[in-house]
Amino acid sequence: MNEVIKFYRLSNLLSLDVASGAVIGSIFFSKIYEVPVSYPSLISLGLTVWIIYTADRLLDVQDVEGDAASGRHRFHQRNQKKLKYGVLMATFADVSLISFIPTEVIRHGMFLLGVVVVYIVLRRKLHISKELLVAILYTAGLLLPAWPEDQMILIQYLPILVFFLIAFTNLIIFSWYEKENDLKEKQDSIATLVDETSIRFMIIGLVVVSFSISLYLFFITAYHFIGLVFIAMIMILLMIFKCKKYFTPSEYYRLVGDAVFLFPIIYIPS
């Protein structure tokens, strides 16, 4: 069991679980909307998410003096050369897949890439919540290969809304846990910009809204299983929020919080 935990912790530090979660999420939505997705599109999605997350963390630590405060930042700080080489190789592999990806996916993907580049370049000057922007980009990114060609009705947008709310809640909880580290490293986050009462109210509000919509989906026959998956994800995030003392040591909140996005895999074989 210890070896399994060590392996997962390493995959978490490397953001491999986040990239895997994006791929699983894309397949999840392709299943919901009955849209076939190509393997090159999924591989490219996983690579792109990994590149963005790794590059963002490398940028976070480049101006940190001494050892970084958080474990994930110390890992990236101590392995900068290897990770930069990995980002370069992953970028090369990602670009080589372009000719195998549908044109429509590439066009929308280039727009999202432009937004990401602007964020990376101006991230310290942008007056927008990093957590909100990342949640939007993450949700939009995994929808790229799975977006249906036919016009959707209102209820079909609800799974997208719930997934976004879950992603946003997840990032705010992480920010709440890491407030002290962010202050030490002079990193901006939503938790460093608002007070404790407001951040708690925000998390609870997001949980209530996302849970209510998920419960509504649960009672609709065609969305029963989808609603159940979302409810499970939300309950885990709520547990992380309510049991801070338990999840703080060894950054367990990161391990469990990122693993939440692997949950949709149980819907895929259905």
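The values are calculated or read from the model by the stated rules, or taken from the named source; none is laboratory data. Quick caveat, the model's predicted, so the values are computed rather than measured. All Cβ positions, even for glycine, are placed from backbone atoms using ideal geometry, and neighbour counts span all protein chains on display.
Structure summary
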item: Residue within the range 118-136 that is under 20 Å from VAL23 (Cβ atoms), in contact (Cβ under 8 Å) with a residue 60 or more places away in the chain and over 16 Å from the mean Cα position of the chain (by Cα) present; result: no
item: SER198 being without any contact (Cβ under 8 Å) to a residue 24 or more places away in the chain, of a type in the set (Ser, Thr, Tyr) and closer than 18 Å to GLU131 by Cβ; result: yes
item: Positions within the range 64-76 being in a loop (DSSP other than H, G, I, E, B) and without any contact (Cβ under 8 Å) to a residue 60 or more places away in the chain, in sequence order; result: GLU65, GLY66, ASP67
item: Matching residues, the range 48-65, being under 21 Å from VAL134 (Cα atoms) and of a type in the set (A, V, I, L, M, F, W, C); result: VAL49, TRP50, ILE51, ILE52, ALA55, LEU58, LEU59, VAL61
item: Filter pass, GLY71 being under 21 Å from the mean Cα position of the chain (by Cα), within 19 Å of LEU112 (Cα to Cα) and of a type outside the set (A, V, I, L, M); result: no
item: Of the criteria (1) over 14 Å from ALA19 (Cα atoms); (2) at pLDDT below 90; (3) not small (Gly, Ala, Ser), which one ILE52 fails; result: (1)
item: Pick from the range 7-16, criterion over 13 Å from the mean Cα position of the chain (by Cα) and of a type in the set (Ser, Thr, Tyr), ranking: modelled with the lowest pLDDT; result: TYR8
item: So TRP176, is it closer than 22 Å to TYR267 by Cα, surrounded by 15 or more Cβ atoms within 10 Å (Cβ to Cβ) and aromatic (Phe, Trp, Tyr); result: no
item: Residue ID - nearest to TYR252 (Cα to Cα), chosen from residues in the range 1-42 that are of a type in the set (Ser, Thr, Tyr) and not in a helix (DSSP H, G or I); result: SER15
item: So PRO36, is it more than 21 Å from the chain's Cα centre (by Cα) and over 24 Å from TYR119 (Cα atoms); result: yes
item: Candidate set: the range 158-195, residues that are touching a residue at least 60 places away in the same chain (Cβ under 8 Å) and among the β-branched types (Val, Ile, Thr); chosen: the one nearest to ARG72 (Cα to Cα); result: ILE173
item: Test result for GLY86, under 21 Å from LEU45 (Cα atoms), touching a Leu at 6+ places or on another chain (Cβ under 8 Å) and either among the polar types (S, T, N, Q) or assigned to a helix (DSSP H, G or I) (or both); result: no
item: Filter pass, THR169 being more than 26 Å from ALA22 (Cβ to Cβ), modelled with pLDDT of 90 or more and hydroxyl-bearing (Ser, Thr, Tyr); result: no
item: Residue that is farthest from ILE160 (Cα to Cα) [pool: residues in the range 207-226 that are surrounded by 15 or more Cβ atoms within 10 Å (Cβ to Cβ) and among the hydroxyl-bearing types (Ser, Thr, Tyr)]; result: TYR223
item: Flag for GLY86 being out of contact with any Phe, Trp or Tyr (no Cβ under 6 Å at 6 or more places or on another chain), surrounded by 14 or more Cβ atoms within 10 Å (Cβ to Cβ), farther than 27 Å from LEU255 by Cα and of a type in the set (Gly, Ala, Ser); result: no
item: Residue identified as buried (at least 20 other Cβ atoms within 10 Å of the Cβ), closer than 25 Å to LYS130 by Cβ and at pLDDT below 90 among ALA19, ALA68; result: ALA68
item: The range 33-60: number of residues that are buried (at least 19 other Cβ atoms within 10 Å of the Cβ) and of a type in the set (A, V, I, L, M); result: 7
